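Enquirer: Take a look at this one; I'll ask things after.
The values are calculated or read from the model by the stated rules, or taken from the named source; none is laboratory data. Fair warning: this is a prediction, and the values are worked out from it, not measured in the lab. Every residue, glycine among them, receives a Cβ derived from its backbone with ideal geometry; neighbour counts consider all protein chains shown.
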Amino acid sequence: MTVDMDGAAAAAPDLPSVDGLAGAAQELVQLLTPEGERAEHPRYSLELSADEIRALYRDLVLVRRIDSEAGALQRQGELGIWASLLGQEAAQVGSGRALGPRDMAFPTYREHGVAWCRGLDPMKLLELFRGVSHGGWDPAAHNFHLYSIVIGSQALHATGYAMGIQRDGETGEDGAAAIVYFGDGATSQGDVNESFIWASVFNAPVVFFCQNNQWAISEPLEKQSRIPLYQRARGFGFPGIRVDGNDVLACLAVTRAALQAAREGQGPTLIEAYTYRMGAHTTSDDPTRYRLAADLEAWKLKDPIERVKAYLIRGAMTSASFFEGIEKEAAELGTQIRRACLSMPDPRPAQIFEHVYAEPHPLMAAEREQFTAYLSSFANEEGAR
Amino acid sequence: MTTLAMSKALNEGLRRALERDQKVLLMGEDVGKLGGVFRVTDGLQKDFGESRVIDTPLGESGIIGTAIGLALRGYRPVCEIQFDGFVFPAFNQIASQLAQMQLRSLGHVSLPIVIRIPFGGGIGAVEHHSESPEAYFAHRAGLRVVACSNPADAFTMIQQAVARTDPVIFFEPKRRYWDRGEVDLALDPGDAYPLDRAKIIVAGTDVTVLAYGPMVKTSLEAAAAAQEDGRSIEVIDLRSLSPFDAETVCAAVERTGRCVVVHEAPVFAGLGAEIAARVTEQCFYHLEAPVMRVGGFSTPYPPSRLEDHYLPDLDRILDAVDRTFGY
């Protein structure tokens, strides 16, 4: 089916579904079926050892555990809010493990799985959602940039960073690339579209990794696009590819190829990882108001972890003790996160004024001094009693 | 000393910044071959190449957003926003990203970016080409905001701004681009008057007039006219709007006992309001009269056939000065 441009306005009320357009289903790259069967793709071959597949499985399970533990901590009032990645583990682990040490990742606020792959301490994420800091980690330490909350803003940062890579001459096979994460909703943002233009015009080494989880809070994809998102890339002059976002192998292979193309001077790629947000937008959201439970059931059958487990078992690549070991490790990680969260100290009041500027600023100094004196006046009162 | 137009003084300052540090980049719409619509970057792409003087696609958010990415990679971008009224598409990138990355990262990330904005009216332009949006940026913590008023300051201040670790919003009074003045091209910006400090341009004893950008010249004209009437007006060029140099200003107001703040921007919730409040708090017992504000009306900038009525001029400044003697 093709989009009839002339009839577009008149036909608006009867828009075909996004999936119905341009045979999108056939174009989905999949290397591991929901049943755990290995599939081949002519353009994206992937040779992984059993160890590597087991490592991916471990990542997926541990990342899900970080997520569920954080969600529980929010429910108990220990975090102000949490944005769950449930259902998106494969998209994040697959792409995250495709990154080389010199590549730079620019996340949204839901990329806990990518953070894990980059080696960021999960407690840094909890600090943010607990309200202890706005992030506060050093992006250069793990080549993982700070979480970005204003939707799509980080796409331009990644593109500019990629322009820096070009200027530093860090291109070629051993070069670096930037990858930016965003969601289906973000594709409506001006910043994302401007970043497509900049990346295209400057041929910047950046990979646009869109996790299409079907929902921008309550708004389905139809509110954002009349065509499959990956097809947008063509209009900007670079390739777009749709990958099964619940298939960790496909996400790994496709991202790896796109990063390598970027490093080698072939410019940007848009990857649409087709997935589903199994949880609420955040812990403040109530998805029962806008979507059907039946959809969720259908996507449960495509679970990103179960298919890897089935594949490992089917291929006799592991034993029951392996799975038990991972479960144990996940439980320990959960306990560790819980303990660390509960013992996390609140920031000092004077920290309000710190790091607002890099250089001295008289207003910061004056207000800090006044506020500190104001606070200590209460201490003096108590002391006088 | 060399006599230069302010646009050329800025050009010379940018040239030195590009020479001094290979990481300095210029980026914006039409800054390359054309040299910018006001020719401030004239000839710089020819001398420093397209990789360092970058003609960008037409998108202000894109300019600032990619500049942030380049700064994360160690570059020091100097962005040009073509006209004041075009900065708003970039507002999220400036106010929510550029201004807050330092805090978001707890000091791990600094973004040494300068955003040059030609501002103010008086050139007979169409809508969006004559605005004074400085208060929006001064209100946003994390940004430094400065405005030059003359060629000599323009030459050093732009170099000082590029050398800062914090982001700087650099306002250039567009109707003064062609004003000429003496510039010491041999002056090292490190030895020049500090970027953060206000400067007393004309000493006086009766009233202190605070101005910045295009209104400095107008205030100087007012001071000269007042002198003929035997009234001594002191004129201070604020230069830095954030941080605000309360020390220099309050010391001056304590001497004269009267203060008038002048800007082209609307008076309501403008910088004059903040300055008047601060001066009142700090100089209350020295004041002979309330701090007066002279500025644009609290309307959108009018069509250019009306701008002479809208823009503060010598007479409106003198009228405010007169009113400070009515208490």
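Enquirer: From the residues in segment A:143-161 that are in a helix (DSSP H, G or I) and among the small types (G, A, S), which one is nearest to the other protein chains (Cβ to nearest Cβ)?
Expert: Just the residues of segment A:143-161 that are in a helix (DSSP H, G or I), to begin with: A:153-161.
Next, only the ones that are among the small types (G, A, S) stay: A:153, A:155, A:158, A:160.
Values: A:S153: 5, A:A155: 8, A:A158: 6, A:G160: 2 Å.
Among them, the one singled out is A:G160.
Enquirer: Shifting gears a bit: Any idea how many residues of segment A:121-142 are at the interface with chain B (Cβ under 8 Å from one of its Cβ atoms), assigned to a loop (DSSP other than H, G, I, E, B) and not acidic (D, E)?
Expert: 5
Enquirer: Any idea which residue in segment A:267-307 is surrounded by the most Cβ atoms within 10 Å (Cβ to Cβ), counting only those that are of a type in the set (S, T, N, Q) and modelled with pLDDT of 95 or more? Break it down into steps so the answer makes sense when it comes.
Expert: Pass one, segment A:267-307, residues of a type in the set (S, T, N, Q): A:269, A:275, A:282-284, A:288.
Remaining after also requiring modelled with pLDDT of 95 or more: A:269, A:275.
Values: A:T269: 25, A:T275: 28.
My answer is A:T275.
Enquirer: Okay, moving on. Could you check segment B:1-35 and list, in sequence order, the residues that are surrounded by 23 or more Cβ atoms within 10 Å (Cβ to Cβ), out of contact with any Phe, Trp or Tyr (no Cβ under 9 Å at 6 or more places or on another chain) and not in a helix (DSSP H, G or I)?
Expert: Passing the criteria: B:M27, B:G28, B:V31.
Enquirer: So, of the residues in segment B:67-81 that are surrounded by 24 or more Cβ atoms within 10 Å (Cβ to Cβ) and in a strand (DSSP E or B), which turns out to be farthest from the other protein chains (Cβ to nearest Cβ)?
Expert: The residue in question is B:E80.
Enquirer: Here is a follow-up. Which members of segment A:161-192 meet the condition of being in contact (Cβ under 8 Å) with a residue 60 or more places away in the chain and within 20 Å of A:T282 (Cβ to Cβ)?
Expert: Within segment A:161-192, A:Y181, A:F182, A:G183, A:A186 qualify.
Enquirer: Can B:V253 be described as within 29 Å of B:P118 (Cβ to Cβ), in contact with a strand residue (DSSP E or B) (Cβ under 6 Å, 6 or more places away or on another chain), among the β-branched types (V, I, T) and assigned by TED's automatic domain parsing to the domain that holds B:V207?
Expert: Working: within 29 Å of B:P118 (Cβ to Cβ): no; in contact with a strand residue (DSSP E or B) (Cβ under 6 Å, 6 or more places away or on another chain): yes; among the β-branched types (V, I, T): yes; assigned by TED's automatic domain parsing to the domain that holds B:V207: yes.
No: the conditions fail for B:V253.
Enquirer: Please find, within segment B:36-66, the residue that is nearest to the chain's Cα centre (by Cα) out of those that are acidic (D, E) and in a loop (DSSP other than H, G, I, E, B). Quick ask: steps written out before the conclusion?
Expert: Here is the first cut: in segment B:36-66, the ones acidic (D, E) are B:42, B:47, B:50, B:55, B:60.
Within this subset, residues satisfying the condition of being in a loop (DSSP other than H, G, I, E, B) are B:42, B:50.
Numbers: B:D42: 21, B:E50: 28 Å.
My answer is B:D42.
Enquirer: Just give me the residues in segment B:288-327 being of a type in the set (F, W, Y) and under 21 Å from B:A277 (Cα atoms), in sequence order. Please lay out each step first, then the result.
Expert: Residues of segment B:288-327 of a type in the set (F, W, Y): B:297, B:301, B:310, B:325, B:327.
Matches in segment B:288-327: B:F297, B:F325, B:Y327.
Enquirer: Please give the number of the condition A:H355 fails out of (1) modelled with pLDDT under 95; (2) within 35 Å of the chain's Cα centre (by Cα).
Expert: Condition (1) is where A:H355 drops out.
Enquirer: May I pose another question? Report whether or not A:E329 is in a helix (DSSP H, G or I) and either touching a residue at least 40 places away in the same chain (Cβ under 8 Å) or surrounded by 14 or more Cβ atoms within 10 Å (Cβ to Cβ) (or both). Outline the logic, then answer.
Expert: Working: in a helix (DSSP H, G or I): yes; either touching a residue at least 40 places away in the same chain (Cβ under 8 Å) or surrounded by 14 or more Cβ atoms within 10 Å (Cβ to Cβ) (or both): yes.
Spelling it out, A:E329 is indeed in a helix (DSSP H, G or I) and either touching a residue at least 40 places away in the same chain (Cβ under 8 Å) or surrounded by 14 or more Cβ atoms within 10 Å (Cβ to Cβ) (or both).
Enquirer: If only one of A:A261, A:A233, A:A310 is at pLDDT 95 or above and in contact with a Phe, Trp or Tyr (Cβ under 8 Å, 6 or more places away or on another chain), which one is it? Talk me through it step by step, then tell me what you get.
Expert: Working: A:A261 fails: in contact with a Phe, Trp or Tyr (Cβ under 8 Å, 6 or more places away or on another chain); A:A310 fails: in contact with a Phe, Trp or Tyr (Cβ under 8 Å, 6 or more places away or on another chain).
That would be A:A233, the only listed residue that is at pLDDT 95 or above and in contact with a Phe, Trp or Tyr (Cβ under 8 Å, 6 or more places away or on another chain).
Enquirer: Just a yes or no: is a residue in segment A:180-188 out of contact with any helix residue (DSSP H, G or I) (no Cβ under 7 Å at 6 or more places or on another chain) and within 13 Å of chain B (Cβ to nearest Cβ)? Before the answer, list the steps.
Expert: Narrowing segment A:180-188 to residues out of contact with any helix residue (DSSP H, G or I) (no Cβ under 7 Å at 6 or more places or on another chain): A:183, A:185, A:188.
Still in the running and within 13 Å of chain B (Cβ to nearest Cβ): none.
For segment A:180-188, residues out of contact with any helix residue (DSSP H, G or I) (no Cβ under 7 Å at 6 or more places or on another chain) and within 13 Å of chain B (Cβ to nearest Cβ): absent.
Enquirer: Determine, yes or no, whether B:L241 is touching a residue at least 60 places away in the same chain (Cβ under 8 Å), within 14 Å of chain A (Cβ to nearest Cβ), closer than 23 Å to B:A277 by Cα and aliphatic (A, V, I, L, M). Step through it out loud before you land on a result.
Expert: Values: touching a residue at least 60 places away in the same chain (Cβ under 8 Å): yes; within 14 Å of chain A (Cβ to nearest Cβ): yes; closer than 23 Å to B:A277 by Cα: yes; aliphatic (A, V, I, L, M): yes.
Spelling it out, B:L241 is indeed touching a residue at least 60 places away in the same chain (Cβ under 8 Å), within 14 Å of chain A (Cβ to nearest Cβ), closer than 23 Å to B:A277 by Cα and aliphatic (A, V, I, L, M).
Enquirer: Just checking, which of A:E306, A:E327, A:E332, A:E354 is within 14 Å of chain B (Cβ to nearest Cβ) and among the acidic types (D, E)?
Expert: Working: A:E306 fails: within 14 Å of chain B (Cβ to nearest Cβ); A:E327 fails: within 14 Å of chain B (Cβ to nearest Cβ); A:E332 fails: within 14 Å of chain B (Cβ to nearest Cβ).
Matching residue, one of A:E306, A:E327, A:E332, A:E354: A:E354.
Enquirer: Further question: For segment B:36-64, which positions are of a type in the set (V, I, T) and surrounded by fewer than 19 Cβ atoms within 10 Å (Cβ to Cβ)?
Expert: Looking only at segment B:36-64, we keep the residues that are of a type in the set (V, I, T), and these are B:37, B:40-41, B:53-54, B:56, B:63-64.
Correct list: B:V37 only.
Enquirer: Also, quick follow-up: Take B:L287 and decide whether it is closer than 26 Å to A:Y357 by Cα and buried (at least 18 other Cβ atoms within 10 Å of the Cβ).
Expert: On the way: closer than 26 Å to A:Y357 by Cα: no; buried (at least 18 other Cβ atoms within 10 Å of the Cβ): yes.
Considered against the rule, which asks whether it is closer than 26 Å to A:Y357 by Cα and buried (at least 18 other Cβ atoms within 10 Å of the Cβ), B:L287 comes out as no.
Enquirer: Here's something else I'd like to know. Taking segment B:291-321 on its own, how many of its residues are out of contact with any strand residue (DSSP E or B) (no Cβ under 7 Å at 6 or more places or on another chain), within 15 Å of B:T218 (Cα to Cα) and part of a loop (DSSP other than H, G, I, E, B)?
Expert: The number of residues fulfilling the criteria is 1.
Enquirer: List pairs: first in segment A:193-211 and surrounded by fewer than 24 Cβ atoms within 10 Å (Cβ to Cβ), second not hydrophobic (A, V, I, L, M, F, W, C), Cβ under 6 Å, 6+ apart or cross-chain?
Expert: What qualifies is A:I197/B:P57; A:S200/A:G237; A:V201/B:P57; A:N203/A:G267.
Enquirer: For a quick check of your reading: which strands (runs of 3 or more DSSP E) sit entirely within segment B:188-278 and have at least 3 residues that are β-branched (V, I, T)?
Expert: Details: elements: B:199-202, B:207-211, B:233-237, B:240-242, B:259-266.
Hits in segment B:188-278: B:199-202, B:207-211, B:233-237, B:259-266.
Enquirer: Please determine whether any residue of segment B:133-143 is in a strand (DSSP E or B) and crowded, with 24+ Cβ neighbours inside 10 Å. Please lay out each step first, then the result.
Expert: Here is the first cut: in segment B:133-143, the residues in a strand (DSSP E or B) are none.
No; the residues of segment B:133-143 include none that is in a strand (DSSP E or B) and crowded, with 24+ Cβ neighbours inside 10 Å.
Enquirer: A further question on this structure: Filter segment A:87-124 down to residues that are within 20 Å of B:Q97 (Cβ to Cβ) and among the basic types (K, R), then give me how many there are.
Expert: 2
Enquirer: Right, next: Can you tell me which of A:G71, A:G164 is in a helix (DSSP H, G or I), crowded, with 24+ Cβ neighbours inside 10 Å and modelled with pLDDT of 95 or more? Reasoning before the result, please.
Expert: Details: A:G71 fails: crowded, with 24+ Cβ neighbours inside 10 Å.
So the residue among A:G71, A:G164 that is in a helix (DSSP H, G or I), crowded, with 24+ Cβ neighbours inside 10 Å and modelled with pLDDT of 95 or more is A:G164.
Enquirer: Please state which one of A:R38, A:R102 is surrounded by fewer than 17 Cβ atoms within 10 Å (Cβ to Cβ), within 14 Å of chain B (Cβ to nearest Cβ) and not hydroxyl-bearing (S, T, Y).
Expert: Values: A:R38 fails: within 14 Å of chain B (Cβ to nearest Cβ).
Selected residue: A:R102, the only one of A:R38, A:R102 that is surrounded by fewer than 17 Cβ atoms within 10 Å (Cβ to Cβ), within 14 Å of chain B (Cβ to nearest Cβ) and not hydroxyl-bearing (S, T, Y).
Enquirer: Same structure, new question: For A:I149, indicate whether it is in contact with a His (Cβ under 9 Å, 6 or more places away or on another chain), surrounded by fewer than 24 Cβ atoms within 10 Å (Cβ to Cβ), assigned by TED's automatic domain parsing to the domain that holds A:E127 and of a type in the set (A, V, I, L, M). Give the derivation first.
Expert: Details: in contact with a His (Cβ under 9 Å, 6 or more places away or on another chain): yes; surrounded by fewer than 24 Cβ atoms within 10 Å (Cβ to Cβ): yes; assigned by TED's automatic domain parsing to the domain that holds A:E127: yes; of a type in the set (A, V, I, L, M): yes.
Considered against the rule, which asks whether it is in contact with a His (Cβ under 9 Å, 6 or more places away or on another chain), surrounded by fewer than 24 Cβ atoms within 10 Å (Cβ to Cβ), assigned by TED's automatic domain parsing to the domain that holds A:E127 and of a type in the set (A, V, I, L, M), A:I149 comes out as yes.
Enquirer: Look at B:V209 and say whether it is within 19 Å of B:P312 (Cβ to Cβ), away from chain A (no Cβ under 14 Å) and in contact (Cβ under 8 Å) with a residue 60 or more places away in the chain.
Expert: Values: within 19 Å of B:P312 (Cβ to Cβ): yes; away from chain A (no Cβ under 14 Å): yes; in contact (Cβ under 8 Å) with a residue 60 or more places away in the chain: yes.
Considered against the rule, which asks whether it is within 19 Å of B:P312 (Cβ to Cβ), away from chain A (no Cβ under 14 Å) and in contact (Cβ under 8 Å) with a residue 60 or more places away in the chain, B:V209 comes out as yes.
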